[in-house]
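A short write-up of the structure that comes next.
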Amino acid sequence: MDLEALRAELAAAGYELRYREDGWVECLMLGDGESYVGQGRCRDTALMAAVERACPSTLARRALSELVGKRPQPVVALRSEEPELKPVTRLKEPSGPPPLVLREVPARPDLARALDDLWLLDERIRDSKEELGLSSPERQRLAILSWICEARAHTDLFPNEARIREQVACISRKLTEVGKGYWPGSVTALQLQMSPRDLPRPLLGGNASTWGRAAELSERALSTLEHGDERRGFDPYGWADATKIDPVPADANALLDGLVAQLEAKGGGLDRSAEAKDADSRPEPEEFLRWVRLLRWLRVTPIDADRWGKAAGRLRWWASRKDPRLLQAVRELEPAYSPPVPWAEYFAEIPTAACCQVGLPASLLAEVQPKIAQRRVLLATFRRDPELLGRLQGALTGATLEWRVIEPARISDLTRTITERGTDVVLGALGLQSQAVDQALARACRSAGVPYVRVNWGRPLVCVRGLALKLAGRVHPLRCGTEEDPTRLAVAQRDAP
């Protein structure tokens with residue numbers, strides 16, 4: 001759709017467009033007693049989001065598109081400058097008729113900023129990988145989709161810039177490897193020949209004309225999924241069995257090691273993707289069912305989350321082979337399945353312990369607590385959880401923990417808090433969404449010289465391990481033989497105060 005013709009048509013219909021920028025762009029479309037708000041990474045995408053709210057049905061958008069297509073292209077003078085709206089809670093109604101055309105001159109793309117955006121995205125993928133492994137496959141798929149669309153949006157702005165293409169290709173390779181390990185389902189945006197218009201509309205919830213718009217739609221779809229899971233009583237990772245985990249295995253790491261050994265003996269190493277030849281050695285139904293139940297029982301224990309995610313991916317790969325003998329186990333592998341009894345009752349021979357008795361590794365706490373004592377820690381998140389706050393305060397003994405709920409329209413207030421009020425460490429609990437907020441927090445922390453630790457949903461184990469990585473330049477292994485990525489350690493040592 002021609003956006004200039006669209007603006008002219010809206011102006012002729014009596015609508016006024018107002019914009020506000022604060023890390024991203026908000027477009028307010030005002031009419032006679034009507035108002036619609038859209039958000040996006042630039043004015044064009046914010047406008048299209050507002051139009052989608054004004055025309056919610058496909059039929060209405062099609063009629064608008066046909067109307068705009070018939071409109072002759074106006075000749076207008078460029079506006080030299082348009083005043084920005086100040087961040088206010090309520091906008092005044094327009095006092096007069098809107099101008100015939102509101103046309104903005106887009107800001108010139110900043111190559112240095114785009115390269116930094118890609119670096120921050122690469123960091124986030126690295127920091128979120130373990131938690132991604134614990135998430136439901138549908139969340140994994142949407143997160144990978146939003147990240148690759150976010151990366152490819154920069155190729156729209158700089159189609160001939162080799163450094164942009166190289167970074168996007170690097171991110172694509174990493175996400176492809178993640179997808180091969182966790183096996184959440186196909187992510188078509190990872191295919192080089194795909195265009196935004198080829199992406200599945202039912203998954204995105206709308207049509208995407210650009211990679212930037214595709215990133216916004218996929219992030220919105222992920223947010224919608226998370227809110228839907230919350231209403232259904234699922235846990236923060238999108239699983240329905242949170243109430244059936246307790247009691248937990250007394251030695252979860254040994255059980256995961258044994259399970260992984262069995263999976264690899266049957267289908268090859270988890271560090272490589274499953275291949276068709278592995279189908280020659282399929283598990284027996286009883287064996288496969290035991291693997292599924294044991295893996296789901298181990299999910300919330302202090303284990304290597306990446307190994308757990310790859311083990312779950314291998315089970316999903318076998319499930320995708322459509323073996324009718326495995327139907328019962330495949331059903332129990334679904335995130336929406338919750339067993340009629342606690343998982344422990346299927347494993348009477350395995351010693352158990354109550355969840356409250358399985359604390360964080362003592363050596364990890366001994367390493368982190370002295371470094372965090374007398375320091376001010378800011379936890380930035382989208383919702384308040386007093387129970388989680390209490391558990392974090394117990395883990396971070398000696399630190400002053402402040403909780404800040406993020407309001408997208410007031411993100412600048414939060415970044416000023418980081419840069420002006422003596423915060424020592426920032427924990428970003430953003431889940432797998434909100435790339436714009438993550439970038440704002442990361443840049444504010446960089447400006448203030450404050451360590452920024454991505455902790456996804458704020459699980460105490462993730463917070464303490466993240467602090468160990470940032471403050472000490474290394475991380476305590478959750479099992480013997482764990483090796484950290486040298487690049488990740490180099491970044492942690494660079495960021496350590």
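The values are calculated or read from the model by the stated rules, or taken from the named source; none is laboratory data. None of the values given here were measured: they were computed from a predicted structure. With ideal geometry, Cβ positions are generated from the backbone for all residues, glycine too; neighbour counts draw on all protein chains shown.
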Output the number of the condition that VAL426 fails; it satisfies all remaining conditions of (1) more than 19 Å from ARG454 (Cβ to Cβ); (2) in contact with a strand residue (DSSP E or B) (Cβ under 8 Å, 6 or more places away or on another chain); (3) surrounded by 17 or more Cβ atoms within 10 Å (Cβ to Cβ). (1)
If I filter segment 8-64 down to residues being among the basic types (Lys, Arg) and modelled with pLDDT of 80 or more, which single residue comes out as surrounded by the fewest Cβ atoms within 10 Å (Cβ to Cβ)? ARG53
Of everything in segment 444-461, what is of a type in the set (D, E, K, R) and part of a helix (DSSP H, G or I)? Give them in sequence order. ARG446
Just wondering, is there one or more residues in segment 183-205 that are among the charged types (D, E, K, R), loosely packed, with under 13 Cβ neighbours inside 10 Å, closer than 22 Å to GLY313 by Cβ and out of contact with any helix residue (DSSP H, G or I) (no Cβ under 7 Å at 6 or more places or on another chain)? no
When residues of segment 134-169 are limited to those that are crowded, with 24+ Cβ neighbours inside 10 Å and β-branched (Val, Ile, Thr), the one farthest from the chain's Cα centre (by Cα): ILE148
Every pair of residues 6+ apart whose Cβ atoms lie under 7 Å, when the first sits in segment 1-14 and is in the same structural domain as ARG61 (by TED's automatic domain parsing) and closer than 12 Å to LEU30 by Cα while the second is at pLDDT below 80 and among the β-branched types (Val, Ile, Thr): ALA11/VAL101
Selected residue (criterion: modelled with the lowest pLDDT) from residues of segment 384-443 that are assigned to a loop (DSSP other than H, G, I, E, B) and over 19 Å from ASN456 (Cβ atoms): ARG421
